[in-house]
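Taking it in order: structure first as C-alpha cells, then the write-up.
What follows draws every value from the coordinates through simple rules; no lab data is involved. Keep in mind the model is a prediction, meaning the values are calculated, not measured. Because the Cβ atoms are built from the backbone with ideal geometry, glycine has one as well, and the counts that use them run over all protein chains shown.
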Amino acid sequence: MAGLGVNIDHVATIRQARRTVEPDPVWAAVEAELGGADCITFHLRKDRRHISDRDARLLKQTVRGKLNMEMSLDEEIVAIARDLRPDQATLVPESREEITTEGGLDCLANADRLRAVTKALHEQNIVVSAFVDPEPSQISAARDAGCDAVELHTGNYANATGDDVGPAWEAVAEGMEVGFENGLIVHAGHGLTYENIQPIASILGFEEFNIGHSIVSRAVFVGMREAVREMKRLIDRAVLFSE
Ligand code: PXP
C-alpha cells in the first residue's frame, strides 16, 4: 500500500511569519503520525526560511516512522544531512526567489554533483531520492547517478485544467513505468490535494506520496490528525479499487 509522507514545512512558515515559537512543526509531526502518516517530510533550506536546525534535530529524535529530509545539493546542507542521518533524503533544486520548489532537479545538468552527493549520503545509509519532472531522461539520469528512488513532480498535473489534465496524468503514469523499468522506488508529490490525489493514487506502484500544503490547510480547520486521516483514506481507497 502506498504510504503518505506529510510535509510539515508550512507549519514552520506560519511560525516564522511572527518569528515566534508557535505553531511548532515538531508538534505537527507528532499529530501527523497519530493521524497515520507513514513518513514526515521537512525541507531544511539554505536560507532556513521555515524549518530550522533545531527543528531538524528534534524531528530526528521524535519521529517514530520514516523521516524524509528534502534538501539541495549544497555542501553545508549535505554535511548536516550526513550528521543527522534521516532515513531518506529527497534531492531538490532550490532558489531563493521561489515560493516553493518549482521544477524538478535537473539530473542531467547536475549529474556529477548528484553522483557525489548520492555517494556521500549512501555512506551514512541514507536512502536517496531525486525529485524529478516525469521525463524518462531525468529518471534514467537519477538512476545513473546512483539514486535509489525518484519522486515524480506532480505539479503539472496539479495545475492542469480541462483537456490538459489527461496528458499530465499520462506523463506521471509513464514516469511510474520508466522508474520501475530502471529499478527505482517511485514516489510522487507536489500540488496534490484532497481533490486531485485519487487519480494519481490509482496508478499502482507508488511507494509514497509527499503532501504538504493541502493537508496543513485542512488541518487549520479540522486538526492535523483528522486532516491526515482523511488523506490516508482517499489514498487507500484509490489503491484498493485499482488493484
Ligand atoms: N515534494 C517535494 C519534493 C516538495 O518540494 C514539496 C513542497 O515542499 C512537496 C512534495 C509538497 O508539495 P505541496 O506542499 O504542494 O503538497
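Quick notes on this structure:
- Pro93, sole failed condition from (1) in a loop (DSSP other than H, G, I, E, B); (2) out of contact with any Gly (no Cβ under 8 Å at 6 or more places or on another chain): (2)
- Residues considered: Ile235, Ile200. Of these, the only one that is within 14 Å of the ligand (Cβ to nearest atom), within 14 Å of Ala37 (Cα to Cα), assigned to a helix (DSSP H, G or I) and touching a residue at least 12 places away in the same chain (Cβ under 8 Å) is Ile235.
- Check on Thr161, β-branched (Val, Ile, Thr) and surrounded by fewer than 22 Cβ atoms within 10 Å (Cβ to Cβ): yes
- Per the conditions (1) more than 13 Å from the ligand (Cβ to nearest atom); (2) at negative phi; (3) assigned to a loop (DSSP other than H, G, I, E, B); (4) touching a strand residue (DSSP E or B) at 6+ places or on another chain (Cβ under 9 Å), the sole criterion not satisfied by Leu192 is (1).
- Pairing each residue of the stretch 1-15 that is on the phi < 0 side of the Ramachandran plot and without any contact (Cβ under 8 Å) to a residue 60 or more places away in the chain with any residue that is more than 10 Å from the ligand (Cβ to nearest atom) and assigned to a helix (DSSP H, G or I), provided the two are 6+ apart or on different chains, yields C-beta distances under 6 Å for Ala12/Pro25.
- One residue from Arg64, Arg143, Arg45, Arg113 being surrounded by fewer than 15 Cβ atoms within 10 Å (Cβ to Cβ) and either away from the ligand (no atom under 14 Å from the Cβ) or more than 17 Å from Gly179 (Cβ to Cβ) (or both): Arg64
- Test: residue in the stretch 213-227 that is within 24 Å of Gln88 (Cα to Cα), touching a helix residue (DSSP H, G or I) at 6+ places or on another chain (Cβ under 6 Å) and free of Cβ contacts under 8 Å to residues at least 60 places away in the same chain: no
- Residues in the stretch 212-232 that are surrounded by 15 or more Cβ atoms within 10 Å (Cβ to Cβ) and within 18 Å of Asp24 (Cβ to Cβ) were compared, and the one that is farthest from the ligand (Cβ to nearest atom) is Arg225.
- All positions within the stretch 146-172 that are within 16 Å of the ligand (Cβ to nearest atom) and farther than 17 Å from His187 by Cβ: Asn159, Ala160, Ala168
- Count - residues of the stretch 178-195 that are without any contact (Cβ under 8 Å) to a residue 40 or more places away in the chain and surrounded by 15 or more Cβ atoms within 10 Å (Cβ to Cβ): 5
- Residue within the stretch 26-49 that is touching a Phe, Trp or Tyr at 6+ places or on another chain (Cβ under 8 Å) and farther than 21 Å from Ile235 by Cα present: no
- Any pair with Cβ under 7 angstrom, 6 or more apart, that starts in the stretch 35-53 at a residue that is in contact (Cβ under 8 Å) with a residue 60 or more places away in the chain and ends at one that is part of a loop (DSSP other than H, G, I, E, B) and of a type outside the set (A, V, I, L, M, F, W, C): Ala37/Gly65; Asp38/Gly65; Cys39/Gly65
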